[in-house]
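Note sheet for the following structure.
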Amino acid sequence: TNSTKAAIINANYIKERLHGSFETLYSGEMGRAAHEMIIDCRDFREKGIEVGDIAKRLMDYGFHAPTVSFPVAGTLMIEPTESESKEELDRFCDAMISIRKEIESVSKDEPNNLLKNAPHTLAMLTIDSWNFPYTREEAAFPLEYVKENKFWPTVRRVDDAFGDRNLICTCAPIESFIES
């Protein structure tokens, strides 16, 4: 269908834009991706950066993270839909390329960096004392376009795996919803 073709074109456009910044897995014989592409983030562990750090930093750029560590641990599976505009694809690629530059600027196992501290909430950015080795602007507005339409994360980090396995409901017990 045309939708499928558009999704494949979008995935390959992203793959080409990110070439040189990120390694990809599972390309076809012609070097192309299907409707999704997988970027390998495992080598960034040498600098103490995990795939989850990249996912959290994407929030500062206004993006919800792609699928993390599936089907391969330490990767991001990017699956653009057929409805994404070229402008949105470019914004995403610009964010990823900028994040790659941030990774390169991190010294090995430096825990106080833009990626390890991401996402940066409004509460975090407005505290009186700023004890980070980067500016508030670098944290909140990493690229110019972010200033135009900032999405503020409301919470910082949550233990992803623990939270996925140990759901906590703050609602009334299920029994209270049973009609007699």
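Annotations for the structure displayed:
- For the stretch 128-159 versus the stretch 23-85, the spacing of their alpha-carbon centroids is 21 Å.
- Secondary-structure-derived ellipticity at 222 nm for the chain, considering helices only, amounts to -11000 deg cm²/dmol, per-run term -39500 (n - 2.57) for DSSP H runs with n ≥ 4.
- Simple label model, 7 Å out from Cα along Cβ direction - residue 161 to residue 46, nm: 2.4
- Top of 168, 38, 97 by mean-square fluctuation, Gaussian network on the chain, Cα under 10 Å: 168
- The chain, relative contact order in percent, only Cα pairs under 8 angstrom and at least six apart counted: 23
- Here the stretch 1-49 yields Rg over Rh of 1.07, to two decimals, using C-alpha coordinates and the Kirkwood radius.
- Under 17 Å from the residue 97 label point (7 Å along Cα→beta-carbon), backbone N, the stretch 41-66: 61
- Point-to-point label distance, residue 88-residue 26, nm (Cα→Cβ direction, 7 Å offset): 2.3
- Spatial extent of the chain: Rg and Dmax, with the Cα atoms as the point set, Å: 18.6, 63
- For the stretch 139-180, pairs of C-alpha atoms spaced more than 12 angstrom apart make up 75 percent of the total.
- Sparse-neighbourhood loop sites, trypsin sites (Lys or Arg not before Pro) in the stretch 29-116 - DSSP loop, at most 10 other Cβ within 10 angstrom: 108
- Magnitude of the charge dipole for the stretch 13-104, about its Cα centre and with charges confined to Cβ atoms of Lys, Arg (+1) and Asp, Glu (-1), is about 180 debye.
Every number in this text was worked out from the coordinates using simple rules, so none of it is lab data. Predicted model only: the values in this text are computed from it and were never measured. In this analysis, Cβ positions are derived from the backbone assuming ideal geometry, glycine residues included, and neighbour counts consider all displayed protein chains.
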